[in-house]
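**Q** First the structure, which I've put down as structure tokens, then a few questions once you've had a look.
The values are calculated or read from the model by the stated rules, or taken from the named source; none is laboratory data. All figures in this text were calculated on a predicted structure; none of them were measured in a lab. Because the Cβ atoms are built from the backbone with ideal geometry, glycine has one as well, and the counts that use them run over all protein chains shown.
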Amino acid sequence: MKKTLVFICSTVMALTGIAQQKTIYHNGWIDFNKNGVKDLFEDRTQPIGKRVENLLSLMTLDEKTCQLATLYGYGRVLKDEMPTAAWKTEIWKDGIANIDEELNSLPNNKKAQTRYSFPYSTHAEAINTIQKWFIEETRMGIPVDFTNEGIHGLCHDRATPLPAPISIGSTWNRELVRIAGETAGREAKALGYTNIYAPILDPARDPRWGRVVECYGEDPFHIAELGKQMVNGIQSQGVAATLKHFAVYSIPKGGRDGNARTDPHVAPREMHQLYLYPFERVIREAKPLGVMSSYNDWDGVPVTGSSYFLTELLRKQYGFNGYVVSDSRAVEFIASKHRVAADLKEATRMAVEAGLNVWCDFATPATYINNVRELVKEKKLSIETVNQRVRDVLRVKFMLGLFDQPYVADPKAADKLVHTQKDDAFALQINRESLVLLKNKNALLPLNRSELKNILVTGPLADAESHTISRYGPSNNPVTSVLKGIRQLAGSNVQVSYEKGCEIVNEGWPETEIIPTPLTNQEQEDIRKAVEKARTADVIIAVLGEDEKRVGESLTRTSLDLPGRQQQLLEALYATGKPVVLVLINGQPLTINWANKYVPSILEAWFPGPSGGTAIAEALFGDYNPGGKLAMTFPKSIGQIELNFPYKPGSQAGQPSEGDNGYGKTSVNGPLYPFGYGLSYTSFAYSNLTVTPGERRLNSGEFEISATISNTGKVKGDEVVQLYVKDMVSSVTTYDLQLRGFERITLQPGESKTVHFTLKQQDLALLNEKLKYVTEPGEFEIMLGSSSTDLRLKQKINIKN
């Protein structure tokens with residue numbers, strides 16, 4: 001460690017020595033372009049717009065084009081941890097827009113592991129050294145935007161780890177999500193990062209799609225509400241939030257990921273109401289400084305080459321004022337995948353003209369930057385267009401204060417600001433609130449320690465850890481597995497035994513999902529050993545599901561059953577006659593029909609964070625009462641897909657038993673678990689629905705809604721009160737129900753609370769035949785309930801013309 005600090009200090013001193021020959025650091029300003037004059041762009045008292053224009057007027061074409069590209073950090077494209085003399089001959093000698101994932105030490109990329117990621121202060125000092133090089137060793141001295149991922153905690157060595165976004169979505173807790181954003185933003189700021197690629201606002205409406213685990217859920221209103229809080233939290237710390245992935249990214253044909261990720265079959269009205277709604281709302285209401293453009297097409301046009309998406313929608317209609325960065329290879333795919341450009345150079349022109357500000361790929365930025373330069377010189381791309389794209393990037397850098405304080409002011413403070421004890425307590429709480437109780441026949445849960453002598457914990461996920469550190473989040477944190485959590489909380493009078501039972505997948509998987517094979521001798525023996533221990537247990541806790549190698553980016557599945565031999569293990573355990581509790585570790589809805597019919601208790605844990613094992617154990621023993629709700633519909637079969645919420649009238653209906661439209665029993669109908677579903681160890685009553693007023697004139701005001709929620713059980717619990725709206729008659733077909741409010745509350749036994757909602761008239765709007773949002777006069781039904789199918793209170797309102 002001393003060697004590391006000496007190296008950084010010597011580097012800073014060497015660079016400072018250059019500056020001291022003619023200092024650029026003055027009282028209240030920095031002479032970035034080193035001309036000895038306080039230019040307008042260096043004057044922090046001037047409006048940002050004027051500062052941007054002044055700086056832009058002083059830049060050469062080479063300097064402008066360098067502000068249009070990403071440099072991937074150490075271990076990806078950068079080969080040097082610290083600046084070297086050779087940097088003066090690289091393309092970034094004239095600056096760079098941003099450096100992504102710099103020195104963050106990911107465990108799954110050995111090339112990216114670095115001595116500068118930890119202690120945290122070491123990273124802050126290292127970032128200062130790199131920033132200092134760009135300020136002092138380039139002509140204009142434009143600071144770098146240091147970007148990083150952060151969809152479930154900052155993607156940095158030993159930062160505060162949170163559960164996967166699908167878990168976060170199941171909390172339905174705005175306040176928790178805002179704190180999650182504040183935490184990521186605070187840690188980013190302390191470590192030297194200035195821009196976080198979060199949140200993901202893609203509605204996950206096909207559960208086969210691998211990146212479901214990275215999304216908040218399937219409903220656009222729910223996503224927008226949580227996404228807004230994440231952005232507000234991140235940007236409250238002086239760090240930019242960049243939304244992902246704009247647009248229509250999460251519904252590729254057949255849910256296929258990997259090399260596919262194209263051809264979404266989405267109609268224009270559906271696109272705006274479902275897939276663009278979260279982006280529009282979050283951009284309008286939270287003002288994020290970044291948007292990442294996706295590499296898919298829509299209706300034959302690649303999004304990253306579409307002026308309709310990147311300019312007309314983002315900037316003109318939604319009012320976006322930040323910069324657009326491409327997803328990796330999105331520009332290249334315009335030519336190589338979509339084949340609407342002959343080569344990368346032509347794709348570059350299309351992307352820049354469409355509205356792309358910053359290119360990104362796991363390759364040197366030189367090719368892209370030189371393409372832009374050549375296009376301008378060949379008069380195939382106007383300098384005015386380039387100026388506008390650079391203008392957006394510079395504006396964000398000014399808004400982030402990079403021209404006023406480009407360095408981490410107090411690097412040593414990072415050691416006290418990143419991953420504190422308070423952060424660990426928060427991470428545990430968000431893990432708790434993400435748990436969803438799916439079934440609890442005869443109140444098997446919570447388990448009573450005093451009545452138990454022997455617990456068997458089994459299943460391939462029981463002692464697994466790697467799923468807690470899924471992509472785009474923190475790494476290298478200690479993990480409490482489910483087995484470890486149960487052992488810690490079971491108490492000294494309870495023996496906890498363990499037997500793995502089977503692997504997550506079997507040899508030949510996933511082909512064995514379509515061509516079954518008999519269990520091998522070893523697989524039979526593994527299950528036999530688990531069953532043998534089960535016979536002497538008072539209760540069996542089976543921890544089954546998926547890991548990060550079975551669900552995630554590029555990991556779409558063609559079956560949603562328990563993978564491998566896990567179903568055979570579960571059935572063998574059940575056959576012992578001992579009570580079975582199923583704990584699910586998974587990143588997408590699974591078709592657990594057999595388990596739902598036979599297993600008494602099922603707890604959905606999704607992909608928890610490293611403290612998830614503790615939260616799960618607390619829920620099993622009743623130290624915590626799970627109160628999360630599903631943010632995705634669970635189908636019974638992949639043959640039902642799409643099956644999701646919201647949906648059009650009749651689109652998810654069953655088969656008629658008689659009548660003019662035929663009859664028959666040829667399909668399995670209805671969801672296994674509906675959107676918004678989740679049980680509790682207690683019960684809740686709804687009463688006293690009040691809607692004021694019951695009638696309003698069009699565009700004349702809001703509706704105030706309230707109801708009393710009471711805990712009628714014997715233990716403290718959380719209820720997520722959900723507000724749904726139905727348009728009774730409309731000019732175009734609308735969704736059967738639409739979520740328009742939710743509130744998570746905690747109630748003691750016997751306690752009651754009044755929950756309030758404000759329903760704005762724009763919450764009742766639809767896209768008319770001309771694809772314009774309008775609120776139409778007419779009758780609407782207001783419904784409050786515990787899920788999208790468990791609606792307890794209803795009242796109609798009228799809007800008159």
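**Q** Answer with yes or no whether residue 40 is closer than 22 Å to residue 99 by Cβ and modelled with pLDDT of 95 or more. Please lay out each step first, then the result.
**A** Working: closer than 22 Å to residue 99 by Cβ: no; modelled with pLDDT of 95 or more: yes.
Judged against the criteria, residue 40 is not a match.
**Q** Shifting gears a bit: Just one of the numbered conditions (1) in contact (Cβ under 8 Å) with a residue 60 or more places away in the chain; (2) in a helix (DSSP H, G or I) is not true of residue 232; which one?
**A** Tallying (1) in contact (Cβ under 8 Å) with a residue 60 or more places away in the chain; (2) in a helix (DSSP H, G or I), residue 232 fails exactly one: (1).
**Q** Can residue 262 be described as of a type in the set (Ser, Thr, Tyr), buried (at least 24 other Cβ atoms within 10 Å of the Cβ) and more than 24 Å from residue 590 (Cβ to Cβ)?
**A** On the way: of a type in the set (Ser, Thr, Tyr): yes; buried (at least 24 other Cβ atoms within 10 Å of the Cβ): no; more than 24 Å from residue 590 (Cβ to Cβ): yes.
Taking the combined requirement at face value, the residue does not satisfy it.
**Q** Can you go through 743, 776 and tell me which one is more than 20 Å from residue 173 (Cα to Cα) and not hydrophobic (A, V, I, L, M, F, W, C)? So that I can check it myself, show each step before the final result.
**A** Numbers: 743 fails: more than 20 Å from residue 173 (Cα to Cα).
Exactly one residue qualifies, and that residue is 776.
**Q** Looking for whichever is more than 20 Å from residue 98 (Cα to Cα), crowded, with 19+ Cβ neighbours inside 10 Å, without any contact (Cβ under 8 Å) to a residue 60 or more places away in the chain and more than 28 Å from the chain's Cα centre (by Cα) here; the options are 341, 354. Which one fits? Reasoning before the result, please.
**A** Numbers: 354 fails: more than 28 Å from the chain's Cα centre (by Cα).
Exactly one of 341, 354 is more than 20 Å from residue 98 (Cα to Cα), crowded, with 19+ Cβ neighbours inside 10 Å, without any contact (Cβ under 8 Å) to a residue 60 or more places away in the chain and more than 28 Å from the chain's Cα centre (by Cα), namely 341.
**Q** On the basis of being at pLDDT below 95 and part of a loop (DSSP other than H, G, I, E, B), does residue 609 make the cut? Even if it seems obvious, please write down each step before you answer.
**A** Numbers: at pLDDT below 95: no; part of a loop (DSSP other than H, G, I, E, B): yes.
Against the criterion (at pLDDT below 95 and part of a loop (DSSP other than H, G, I, E, B)), residue 609 does not qualify.
**Q** Could you check the range 358-379 and list, in sequence order, the residues that are charged (D, E, K, R) and loosely packed, with under 13 Cβ neighbours inside 10 Å? Break it down stepwise before answering.
**A** Applying the first criterion (charged (D, E, K, R)) to the range 358-379 yields 361, 373-374, 377-379.
Selection gives 377, 378, 379.
**Q** Looking only at the range 570-583, count every residue that is free of Cβ contacts under 8 Å to residues at least 60 places away in the same chain and aliphatic (A, V, I, L, M) and tell me the total.
**A** Number satisfying all stated conditions: 5.
**Q** Would it be correct to say that residue 65 is in a helix (DSSP H, G or I) and within 30 Å of residue 105 (Cα to Cα)?
**A** yes
**Q** So the check is Cβ under 8 Å with 6+ separation or different chains; which pairs have a first residue in the range 154-168 that's free of Cβ contacts under 8 Å to residues at least 60 places away in the same chain and a second one that's crowded, with 24+ Cβ neighbours inside 10 Å and part of a helix (DSSP H, G or I)?
**A** Sorted first by the residue in the range 154-168, then by its partner, the pairs are 165/213; 165/214.
**Q** Out of all the residues in the range 223-261, which are among the charged types (D, E, K, R) and in contact with a strand residue (DSSP E or B) (Cβ under 9 Å, 6 or more places away or on another chain)? Steps first, please.
**A** So in the range 223-261, the residues among the charged types (D, E, K, R) come out as 225, 228, 244, 253, 256-257, 261.
Matches in the range 223-261: 225, 244.
**Q** Regarding residue 257, is this residue of a type outside the set (S, T, N, Q), surrounded by fewer than 24 Cβ atoms within 10 Å (Cβ to Cβ) and in contact with a Phe, Trp or Tyr (Cβ under 8 Å, 6 or more places away or on another chain)?
**A** Working: of a type outside the set (S, T, N, Q): yes; surrounded by fewer than 24 Cβ atoms within 10 Å (Cβ to Cβ): yes; in contact with a Phe, Trp or Tyr (Cβ under 8 Å, 6 or more places away or on another chain): yes.
So residue 257 passes the test.
**Q** A follow-up question, please. Look at residue 592 and say whether it is in contact (Cβ under 8 Å) with a residue 24 or more places away in the chain, within 20 Å of the chain's Cα centre (by Cα) and surrounded by 24 or more Cβ atoms within 10 Å (Cβ to Cβ). Before the answer, list the steps.
**A** Working: in contact (Cβ under 8 Å) with a residue 24 or more places away in the chain: yes; within 20 Å of the chain's Cα centre (by Cα): no; surrounded by 24 or more Cβ atoms within 10 Å (Cβ to Cβ): yes.
In short, no.
**Q** Another question, then. Do you know which residues across the range 128-155 are surrounded by 21 or more Cβ atoms within 10 Å (Cβ to Cβ) and among the acidic types (Asp, Glu)?
**A** 145, 149
**Q** Then there is this: Among 659, 650, 694, 654, which is assigned by TED's automatic domain parsing to the domain that holds residue 793, modelled with pLDDT under 95 and surrounded by fewer than 17 Cβ atoms within 10 Å (Cβ to Cβ)? So that I can check it myself, show each step before the final result.
**A** Values: 659 fails: assigned by TED's automatic domain parsing to the domain that holds residue 793; 650 fails: assigned by TED's automatic domain parsing to the domain that holds residue 793; 654 fails: assigned by TED's automatic domain parsing to the domain that holds residue 793.
From the options 659, 650, 694, 654, the qualifying one is 694.
**Q** Please verify whether the range 265-273 includes one or more residues that are among the aliphatic types (A, V, I, L, M) and part of a helix (DSSP H, G or I).
**A** If we filter the range 265-273 for residues that are among the aliphatic types (A, V, I, L, M), which is where we start, we get 266-267, 271.
Of the ones still in play, those that are also part of a helix (DSSP H, G or I) are 271.
Yes, the conditions are met somewhere in the range 265-273.
**Q** While we're on this one: Pick out the one residue from 727, 718 that is surrounded by 22 or more Cβ atoms within 10 Å (Cβ to Cβ), within 25 Å of the chain's Cα centre (by Cα) and among the charged types (D, E, K, R). So that I can check it myself, show each step before the final result.
**A** Working: 727 fails: within 25 Å of the chain's Cα centre (by Cα).
Of the residues listed, the single one that is surrounded by 22 or more Cβ atoms within 10 Å (Cβ to Cβ), within 25 Å of the chain's Cα centre (by Cα) and among the charged types (D, E, K, R) is 718.
**Q** Check off (1) more than 18 Å from the chain's Cα centre (by Cα); (2) closer than 17 Å to residue 628 by Cβ for residue 456 and give me the number that stays unchecked.
**A** Status for residue 456: all satisfied but (2).
**Q** Now a separate question. Can you name the residue in the range 277-291 that is of a type in the set (A, V, I, L, M) and surrounded by 24 or more Cβ atoms within 10 Å (Cβ to Cβ) and, of all such residues, is nearest to residue 557 (Cα to Cα)?
**A** Across the range 277-291, the extreme among qualifying residues is 291.
**Q** Then there is this: Quick one: count up the residues across the range 203-222 that are in contact with a strand residue (DSSP E or B) (Cβ under 9 Å, 6 or more places away or on another chain) and assigned to a helix (DSSP H, G or I). Give the derivation first.
**A** Step one: filter the range 203-222 for residues in contact with a strand residue (DSSP E or B) (Cβ under 9 Å, 6 or more places away or on another chain), giving 207, 211, 214-216, 219-222.
Of the ones still in play, those that are also assigned to a helix (DSSP H, G or I) are 211, 214, 220-222.
Residues that pass the stated criteria total 5.
**Q** Sticking with this one: Just to confirm my filter: which strands (runs of 3 or more DSSP E) fall fully inside the range 660-712 and include at least 2 residues that are of a type in the set (Val, Ile, Thr), within 30 Å of residue 443 (Cα to Cα) and touching a residue at least 24 places away in the same chain (Cβ under 8 Å)?
**A** Values: elements: 684-692, 695-697, 703-711.
The strands (runs of 3 or more DSSP E) meeting that bar are 703-711.
**Q** Please determine, by comparing only the residues of the range 28-85 that are basic (Lys, Arg) and surrounded by fewer than 16 Cβ atoms within 10 Å (Cβ to Cβ), which one is farthest from the chain's Cα centre (by Cα). Can you show your working first?
**A** Step one: filter the range 28-85 for residues basic (Lys, Arg), giving 34, 38, 44, 50-51, 64, 76, 79.
Filter once more, so that each one left must be surrounded by fewer than 16 Cβ atoms within 10 Å (Cβ to Cβ): 38, 44, 50, 79.
Numbers: 38: 43, 44: 35, 50: 36, 79: 29 Å.
Ranking the candidates gives 38 first.
**Q** Considering 175, 187, which residue is part of a helix (DSSP H, G or I) and farther than 22 Å from residue 743 by Cα?
**A** Details: 175 fails: farther than 22 Å from residue 743 by Cα.
The unique qualifying residue is 187.
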